[in-house]
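Please read the structure below before turning to the comments.
The values are calculated or read from the model by the stated rules, or taken from the named source; none is laboratory data. Just so we're clear, the structure is a prediction, and the values are computed from it rather than from any experiment. With ideal geometry, Cβ positions are generated from the backbone for all residues, glycine too; neighbour counts draw on all protein chains shown. Accessible surface is based on the protein model in full, side chains and every heavy atom, while ligands, DNA and RNA are left aside. Shrake-Rupley method; radii C 1.70, N 1.55, O 1.52, S 1.80 Å.
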Amino acid sequence: MAVNLLENAPALRLHALDSEDLALVSAHLQDALVRVGDIAYLPAKRRFALVGSRFDWSAEMEGRLERCRSGLHFEGVERVRCQHVSRDQPDAILDLLAVTFEPGPEPPGGTIRLTFAGGAVICLDVECVEAQLCDIGPRWKTAARPAHDGAEPGVNIS
């Protein structure tokens, strides 16, 4: 009897409480595809969340090309700033390249930066690093492994 790897793959669940943890979350989310309409900031709850289709880099190391629906949220978010993210185009797709933390003048606070291909950036001013990444939906085969032609130019936002 053949085993369907797409149904039996373990769900990823990661919790980040510092910049090293966030680097691991970033590695798992590299090349996740995020629909602008699947990004939300809930100021009353101080929560920022998104849902995307992450490329499963662990499966790729085993010779499988798969994507999985995953949710990412951050707690203690005080402010959100965006550059080159058009909220009036909810079906636009962003390709997430990295999630990083820049310490602020008053630790443990700082800025979490979500950097996307094409120069889009979302910055979250947070009181500390507190993030959770969970696989929340189906897996499917994909035709190709994500590739990068070159480094993205740096983007500054104030």
Item to complete: Within region 14-47, work out how many residues are among the acidic types (Asp, Glu) and on the phi > 0 side of the Ramachandran plot.
Response: 1
Fill in: Residue count, region 119-143 (criterion: farther than 23 Å from His84 by Cβ and not in a loop (DSSP other than H, G, I, E, B))
10
Item to complete: Under 9 Å between Cβ atoms, at least 6 apart or on separate chains: pull out the pairs that start in region 44-60 with a residue that is under 20 Å from Arg87 (Cβ atoms) and end on any residue that is open to solvent by 50 Å² or more (accessible area, probe 1.4 Å) and in a loop (DSSP other than H, G, I, E, B).
Response: Arg46/Glu127
Practice prompt. Given the conditions (1) within 18 Å of the chain's Cα centre (by Cα); (2) at pLDDT 95 or above; (3) surrounded by fewer than 17 Cβ atoms within 10 Å (Cβ to Cβ), report the number of the one that Glu78 does not fulfil.
Written response: (1)
Discussion item. I'd like the residue in region 21-63 that is open to solvent by less than 20 Å² (accessible area, probe 1.4 Å) and not aliphatic (A, V, I, L, M) and, out of all such residues, is nearest to Leu96 (Cα to Cα).
Written reply: Asp31
Worksheet item: Does Leu17 satisfy the condition of being touching a residue at least 60 places away in the same chain (Cβ under 8 Å) and farther than 23 Å from Ile93 by Cβ?
Response: yes
Worksheet item: open to solvent by 60 Å² or more (accessible area, probe 1.4 Å), closer than 22 Å to Ala27 by Cα and among the basic types (Lys, Arg): does that describe Arg69?
Response: yes
Discussion item. Can you tell me which condition Ala117 does not meet? The list is (1) touching an Asp or Glu at 6+ places or on another chain (Cβ under 9 Å); (2) modelled with pLDDT under 95, and all the others hold.
Written reply: (2)
